[in-house]
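Comments concern the structure below.
The values are calculated or read from the model by the stated rules, or taken from the named source; none is laboratory data. Just so we're clear, the structure is a prediction, and the values are computed from it rather than from any experiment. Cβ placement follows ideal geometry from the backbone for every residue including glycine, while neighbour counts extend to all protein chains displayed.
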Amino acid sequence: MEKIPLIKKETKLNIVIPKHTTQNIRSVGEMRLLSNTKVTTRTSNFTSLYNNKTRKLKKVLVIVEEDDIVSLNKLVDKIQRGKNYQIRYILTNSEKIARRFWTFARVYPLDVNLNSILRYDVIDEIICYVSQLPENFILNLERTSCIFGIQLNVFNVKKNPSSYIREETSSKIENAPLHHTGYTIKKLLEFIFSATVVIVFSWLFLLIALLVKLSSPGPVIFKQLRVGLHGRKFWIYKFRTMQRDAEERKASLIARNQADGPMFKIANDPRITKIGKFLRKSNLDELPQLINVVNGDMALIGPRPMLPEEVDAQSEWQLKRFSVKPGITGLWQIQPNRTELPFNKWMALDNEYVETWSFKNDFILLIKTIWIVLQANGK
């Protein structure tokens with residue numbers, strides 16, 4: 001696992017960890033990384049590819065003050081009963097908590113570089129138990145969760161020093177539409193629509209597959225690793241429109257790249273097959289992505305999924321797009337001359353989609369996309 005910059009300053013906590021666990025568990029006592037440590041790759045963290053059993057669990061980061069084991073125990077009990085959550089990190093300055101929970105999650109001190117964790121790993125929700133944390137810590141936490149579009153739950157814990165009574169009041173900041181009732185309905189309708197199209201138009205899938213197979217040697221389906229919700233990696237599916245060695249030939253064509261930012265696109269790409277030109281122009285090459293929607297990795301409407309190396313080059317303000325599922329179409333796809341838009345404009349459109357999401361807007365985007373597809377002006 002690659003090292004990432006986590007600790008802003010050295011924190012002294014005396015925790016002894018057995019050697020056989022250090023490859024998978026990084027404790028507070030182990031971490032002596034400085035904030036200027038060079039990050040050479042993000043593939044092992046932000047774009048981690050989880051197996052089918054764990055990838056759809058809700059990944060949680062917990063912040064706990066000194067020795068508040070009661071709050072953590074309640075959360076752990078809830079998780080073990082429901083099995084919908086996975087605690088990825090615990091941030092605390094308590095050696096007592098660190099010793100007790102280091103086998104359950106990665107434990108770091110409160111002065112950890114939180115942005116590094118959120119940028120380079122999959123986190124769906126932050127849960128913070130507060131009793132004496134300074135106000136500026138909470139404000140920074142709110143700002144950070146807003147930048148990344150991550151749900152924030154803050155529990156104010158009040159303890160009566162003369163008794164064992166604990167009172168908890170909570171506040172929740174969503175920062176993204178993912179947990180809205182309308183978005184849940186959207187996911188259900190998109191699943192039904194996608195599954196229906198795949199079944200009803202299975203003859204079209206078979207016809208296109210036959211044409212691709214006869215046009216050039218190689219697989220019918222092109223699959224590529226992309227980055228989805230909160231950094232989850234998944235395989236995206238398309239009908240193959242390029243020659244079999246297209247990825248190997250990409251390096252020799254970099255000098256001809258006409259796209260802005262980390263994207264790669266050239267006019268009259270010599271790697272595209274004859275049938276591939278038709279499929280791209282008609283947007284039929286995107287049809288297999290309906291299977292991605294059925295699998296739950298994508299949505300019909302949302303920001304386009306990006307390659308890991310493209311995500312690696314993004315600025316922090318551009319990462320809010322990962323707070324919703326990536327889509328087959330979105331605001332960028334319906335723009336006139338979309339391939340000529342600057343990369344930052346594209347990212348701004350994706351942020352706009354997240355911040356202004358509504359069921360009505362999605363329906364309008366879908367209608368506009370159908371019109372564009374009927375015009376057969378894809379590129």
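Every residue, every condition in (1) charged (D, E, K, R); (2) farther than 28 Å from residue 348 by Cβ; (3) surrounded by 19 or more Cβ atoms within 10 Å (Cβ to Cβ); (4) not assigned by TED's automatic domain parsing to the domain that holds residue 345, yes or no:
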{"position": "244", "(1), (2), (3), (4)": "yes, yes, no, no"}
{"position": "258", "(1), (2), (3), (4)": "no, no, no, no"}
{"position": "267", "(1), (2), (3), (4)": "no, no, no, no"}
{"position": "270", "(1), (2), (3), (4)": "no, yes, no, no"}
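Every residue in the stretch 246-286 that is without any contact (Cβ under 8 Å) to a residue 24 or more places away in the chain and of a type in the set (Asp, Glu), please. Break it down stepwise before answering.
Pass one, the stretch 246-286, residues without any contact (Cβ under 8 Å) to a residue 24 or more places away in the chain: 247-258, 264, 266-268, 270, 278.
If the condition is that a residue be without any contact (Cβ under 8 Å) to a residue 24 or more places away in the chain and of a type in the set (Asp, Glu), then 247, 248 are the ones that fit.
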Sole miss for residue 159 among (1) modelled with pLDDT of 80 or more; (2) in contact with a Ser or Thr (Cβ under 9 Å, 6 or more places away or on another chain) is condition (1)
Subset of the stretch 306-333, residues assigned to a strand (DSSP E or B) and out of contact with any helix residue (DSSP H, G or I) (no Cβ under 6 Å at 6 or more places or on another chain), comes to 306, 327
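Checking the structure you have, find out if any residue of the stretch 56-67 is at pLDDT below 80, of a type in the set (Asp, Glu) and buried (at least 16 other Cβ atoms within 10 Å of the Cβ). If you could, list the steps in order and put the result at the bottom.
Looking only at the stretch 56-67, we keep the residues that are at pLDDT below 80, and these are 56, 65-67.
Narrowing further to those that are of a type in the set (Asp, Glu): 65-67.
Then drop every residue that is not buried (at least 16 other Cβ atoms within 10 Å of the Cβ), which leaves 65.
Yes, the conditions are met somewhere in the stretch 56-67.
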Of the residues in the stretch 234-276, those that are part of a helix (DSSP H, G or I) and of a type outside the set (Ser, Thr, Tyr) number 13
Which of the numbered conditions does residue 231 fail, given that it passes all the others? Conditions: (1) closer than 25 Å to residue 56 by Cβ; (2) surrounded by fewer than 22 Cβ atoms within 10 Å (Cβ to Cβ); (3) touching a Lys or Arg at 6+ places or on another chain (Cβ under 9 Å). (2)
Does at least one position in the stretch 344-354 carry a residue that is within 17 Å of the chain's Cα centre (by Cα), free of Cβ contacts under 8 Å to residues at least 40 places away in the same chain and not in a helix (DSSP H, G or I)? no
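Taking into account only those residues within the stretch 98-137 that are in a helix (DSSP H, G or I) and under 22 Å from residue 230 (Cα atoms), which is farthest from the chain's Cα centre (by Cα)? Full working, then the answer.
So in the stretch 98-137, the residues in a helix (DSSP H, G or I) come out as 98-101, 114-120, 135-137.
Okay, now just the ones that are also under 22 Å from residue 230 (Cα atoms), so 114-120.
On the way: 114: 16, 115: 14, 116: 14, 117: 13, 118: 10, 119: 10, 120: 10 Å.
Here the residue is 114.
Could you pull out the residue among 193, 205 that is at pLDDT 90 or above, part of a helix (DSSP H, G or I) and surrounded by 17 or more Cβ atoms within 10 Å (Cβ to Cβ)? Spell out the reasoning first.
Details: 193 fails: surrounded by 17 or more Cβ atoms within 10 Å (Cβ to Cβ).
When all the criteria are applied, what remains is 205.
Quick one: is residue 271 over 29 Å from the mean Cα position of the chain (by Cα) and of a type in the set (D, E, K, R)? Let's see the steps before the verdict.
Working: over 29 Å from the mean Cα position of the chain (by Cα): yes; of a type in the set (D, E, K, R): yes.
In short, yes.
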Going through the stretch 226-283 in order, the residues found to be among the β-branched types (Val, Ile, Thr) and at pLDDT 85 or above are 227, 236, 241, 272, 273, 275
Could you give me the residue pairs with C-beta distances under 7 Å whose first residue belongs to the stretch 181-199 and is farther than 10 Å from residue 294 by Cβ, whose second residue is part of a helix (DSSP H, G or I) and not aromatic (Phe, Trp, Tyr) wherever it lies, and which are 6+ apart or on separate chains? 183/177; 186/362
Checklist (1) at pLDDT 80 or above; (2) closer than 30 Å to residue 320 by Cα applied to residue 174, failing item: (1)
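Is it true that residue 373 is assigned to a helix (DSSP H, G or I) and modelled with pLDDT of 90 or more? Even if it seems obvious, please write down each step before you answer.
Numbers: assigned to a helix (DSSP H, G or I): yes; modelled with pLDDT of 90 or more: no.
Considered against the rule, which asks whether it is assigned to a helix (DSSP H, G or I) and modelled with pLDDT of 90 or more, residue 373 comes out as no.
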Suppose we filter 339, 329 for residues that are under 24 Å from the mean Cα position of the chain (by Cα), of a type in the set (S, T, N, Q) and surrounded by fewer than 20 Cβ atoms within 10 Å (Cβ to Cβ); which single one remains? 339
